[in-house]
1. For segment B:33-85, which positions are within 14 Å of another protein chain (Cβ to nearest Cβ), of a type in the set (A, V, I, L, M, F, W, C) and within 18 Å of B:Asp187 (Cβ to Cβ)?
2. Does any residue of segment B:41-48 turn out to be at positive phi, in a loop (DSSP other than H, G, I, E, B) and not hydrophobic (A, V, I, L, M, F, W, C)?
3. Is one or more of the residues making up segment B:593-611 among the small types (Gly, Ala, Ser), at pLDDT below 90 and surrounded by 23 or more Cβ atoms within 10 Å (Cβ to Cβ)?
4. Just the residues that are among the acidic types (Asp, Glu) and touching a residue at least 24 places away in the same chain (Cβ under 8 Å), please, taken from segment B:15-33.
5. Specify the residue that is nearest to the other protein chains (Cβ to nearest Cβ); the eligible residues are those in segment B:107-163 that are buried (at least 17 other Cβ atoms within 10 Å of the Cβ) and of a type in the set (Phe, Trp, Tyr).
6. From the set of residues in segment B:303-346 that are within 16 Å of B:Asp132 (Cβ to Cβ) and assigned to a helix (DSSP H, G or I), which is farthest from the other protein chains (Cβ to nearest Cβ)?
7. Is it the case that B:Glu259 is over 42 Å from the mean Cα position of the chain (by Cα) and surrounded by 15 or more Cβ atoms within 10 Å (Cβ to Cβ)?
8. Would you point out the residue of segment A:39-80, among those that are at positive phi and in contact with a Ser or Thr (Cβ under 8 Å, 6 or more places away or on another chain), that is farthest from the other protein chains (Cβ to nearest Cβ)?
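The values are calculated or read from the model by the stated rules, or taken from the named source; none is laboratory data. Note that this is a predicted model, so its numbers are computed, not measured. Every residue, glycine as well, gets a Cβ built from its backbone with ideal geometry; the counts of neighbours run over all protein chains shown.
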Amino acid sequence: MTNHQSSKTDASEAFVYQIRIKGHLGPWRSDWFEGLTIRLEENGDTLLAGPVDQAALYGFLRKIRDLGMPLLSLERVKSD
Amino acid sequence: MNMPILATKLYIPVPRTKAVIRPRLMDRLNEGLDRKLTLISASAGFGKTTLVSEWVAGCDRPVAWLSLDAGDNDFTRFLTHLVAALQTIAENIGGSVVSALQSPQPQPIDSMLTILLNEISAIPNKFVLVLDDYHVVDAKMIDDALIFFLEHLPPQMHLVIATRENPQLPLGRLRARGHLTELRAADLRFTPGETAAFLNQVMGLSLAVEDIAVLETRTEGWIAGLQLAALSIQGREDIPAFIRAFAGHNRYILDYLVEEVLQRQPDHVRSFLLQTSILDRLHGPLCDAVTGQKEGNARLEALERGNFFLVPLDDRRRWYRYHHLFAEVLSAHLRADQPDQVAALHRRASMWHDQHGSPADAIRHALAAEDFKRAADLVELALPAMQRNRQEASVLGWLKALPDKVVCCRPVLSAGYAWALLSCDKTEAALDRLRDAERWLETTADSRERLEAPSAGMVVVDEAAFHGLPGTIALYRAAHAQALGDIPAAMKYARRVLDLVPEDDHLRRGSATALLGLASWTNGDLESAYRTFADGMANVQAAGGISDVIGGSIALAEISIAQGRLRQAMRDYERGLQLAIEQGDPLLRGTADMYVGMSELCRERDDLHTAAQHLLKSKDQGEQAGFPQNRYRWRVAMARIREAQGDLDGALNLLHEAELLYVSNFFPNVRPIAALKTRVRVAQGRLGEAFGWAREHGLSVRDDLSYLREFEHITLARVLLARYKSDRAHLSVLEVLGLLERLLQAAEEGARTGSAIEILILQALAQQMQGAIPAALVPLERGLTLAEPEGYVRIFADEGQPMEALLKSALKQGIARNYVRRLLAAFSKIEGKTSVNQVLSEPLSERERDVLRLLRSDLSGPDIARELGVSVNTLRTHTKNIYDKLEVNNRRSAVRRAEKLDLL
């Protein structure tokens, strides 16, 4: 079986990623997560989303680690 | 000159007088001492550092502490500080590692670590090394170094790593082997009991049980959250209301609470907190410089007393840092509240650090301020010290952060960039930077007559370096050319260095002179090569580059050998060895290489026993005592001993290995391994492969001759002679004789007596094959005359039976009687040898022989380990090596084989 999707995954290409973390971020956090939209969900989660390449993605994950925020989920979503 | 050590990085945080007592964690940490590694891996704010410092305070072993920061991704800086931390336990440790780090030649990491591990294993007592904040490390080199360390960890040492993310270590393997103790978030979070003790006793609140339960639930025992909550509660009127609001809020705890805390501070405190959040390390006067306020010291002390996430970094309360989490939120607030201020704050911090002698911090803040001009000025001025300390990685990091247009108008900085790139083996990129630097020199030279002012657009801060720049550039150019094998260019630039650089600049003059010597060697001009290279080494030695001088004796000895001066070559090696001993460091780089060289000379004198002993000694020194080339040189030397013993297959195998391990250096490759292999094949009668080699290397009897290819051409003559021996075609022997005549003439012109002796021997053998014994004795006699004073034996003996017959004829003629008798004795010795295969492909070391003797006894593994005073693991390594070398897989067959080989 071939996997057509994975052949397109290139580290330099940007995809839309959604990062879900626990707790609402303060609005002044936005410049830490430049390029991502920050949505505060009613259940208390924060959803960060936007087109990022792999390098930027790891940068954001490291930032989340350094804030000590519990990471709930990370997924790649269709860009359209 | 040593790299500056930041003492604050080695400071063991002192636990607070009031702290939550956590016996369950203390017990686990104490139990972990018997294993290799304790890993404390949890997100920020779980009290990792506090826990370890409390445990350390009550630990009965001495503790070395290293707090890592992003700068430690520079391996030199990391290892320097690691050694400094270990020196707090054992003062004399790591001296040779630090000097190796500063040597102009990059040293293999494993070697340095092995030296360090050996020194650790000599520490009489057990101790603990703590690496705090390991998550800042993302250099694979450092992970690898740690893996190596853990694999060979002496039993004295226990390692503790505190980190926010799992380190890139083989944790699964460590866990499975019982080497690992882990404390993770689930272990670290406060239990309800600890939460109560923390809030009411440590933070001095008197909260009701139900309020504590709410806070505990909301923070999930996250310690930083609880501390912030306590700070927000202190002095509040309506505590239950605050707790209800906090519990009911969805906001991320840290954001919510820091805002609460900040809002409750007076303006000047709030502004102090925000503005100083740009600093990695806080110091009263530095804070004053940045904030424009006064009494920074008092402010810091007050914050510490108030539990404001301030961590003291020394006993005298001079330096502090904010807890990372707190700093993170403060700096986010600063960026949101006062975005225009940030650059100015960094610039002030940069200025303060510059005035107070910490250029690295000054540069970091200038870069953060995006004040690139200032950063470039600072880097340019920091270059000489960075070069002395070989911190090319840091320099490269700074320069990469600068916009190109800022760098390329600065000739001194561009040359510094080239240095950093050359040091990191980025030869191509270095050339561009050298061209940038040169462009400005050309411009200044042209315009000197027209106007005195520097050319427009050029920026120079370090005037002295600018005046020396032509010499600097020439030296980098020479090194660049040498790296690419462009000898004429290397010579041209090296000569230019000598014209440009002052007499007392020993290192630059020495390096350039040595490069010239190597170039002469490559051209076959041996007399001048020896003199020039020795002269260069004398200068390098005056500049303190001992290890390079020891390595240089290999070049000198090899030149002597080509000149047929075996005794001088032995003196060259002995002198190198002597230098190492004088340094009081028997493991100094290059000692292992000296033994290999001496072994080859002993072999030539037919003292095969001593030759093998020297190789064993070289091996016992360990790989760290050798240059990268030693691994292949050792195998070549061993192959030739095998050859002398008649074990041609064994010799060929070793040469195959040597070929795989071959590493070039600046020395010319005058004895290629492929040619050595061909000689063995000729001896085996595998002429097809031998001709294949000649074709592949494009060799023919009509080639122009050069010293670089001399060994190959002599080998070709051997191949052709072997063919003549089988086909007896008259034409082919004429061809060989013609080639040999030309080779002899070239060798004599170049005063290469060593080569001449071999060529004369081949001429004699060629005549002998044609049945012309009197004609054969003429070149033989010349060869004997040249060889006798230097004690050559194998060069004749390796030719076997035909040479034996020829020497007997010479003896009858009364030619060099005593010498020829001595030579003939060497032939009979070979025939007397029964089993050449009795020698192992890799000899056992002294230690392995000790182990082997005990393996023959009835002692159990642990008993043997005790007997030898090593750990069971070390014993296991020894046994495994013994099995490998003996090609067996259990104790009984190892003993049986060893007995058969008479190794015991």
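1. B:Ala42, B:Ala44, B:Phe46
2. First pass over segment B:41-48, keeping only residues at positive phi: B:45, B:47.
In the following step, the residues that additionally are in a loop (DSSP other than H, G, I, E, B) were identified as B:45, B:47.
Next, from what is left, pick out any that are not hydrophobic (A, V, I, L, M, F, W, C): B:45, B:47.
Yes, there is a match, as at least one residue in segment B:41-48 is at positive phi, in a loop (DSSP other than H, G, I, E, B) and not hydrophobic (A, V, I, L, M, F, W, C).
3. Restricting attention to segment B:593-611, the residues satisfying the condition of being among the small types (Gly, Ala, Ser) are B:597, B:599, B:611.
Next, only the ones that are at pLDDT below 90 stay: none.
No, every residue in segment B:593-611 fails to be among the small types (Gly, Ala, Ser), at pLDDT below 90 and surrounded by 23 or more Cβ atoms within 10 Å (Cβ to Cβ).
4. Filtering segment B:15-33 down to residues among the acidic types (Asp, Glu) leaves B:27, B:31.
Across segment B:15-33, the qualifying residue is only B:Glu31.
5. It comes out as B:Tyr134.
6. B:Ala327
7. Working: over 42 Å from the mean Cα position of the chain (by Cα): yes; surrounded by 15 or more Cβ atoms within 10 Å (Cβ to Cβ): yes.
Yes; evaluated as a whole, the condition is true for this residue.
8. Taking segment A:39-80 as the starting set, the residues that turn out to be at positive phi are A:44, A:50, A:68.
So of that shortlist, the ones also in contact with a Ser or Thr (Cβ under 8 Å, 6 or more places away or on another chain) come out as A:50, A:68.
Working: A:Gly50: 19, A:Gly68: 4 Å.
Taking the candidates together, the pick is A:Gly50.
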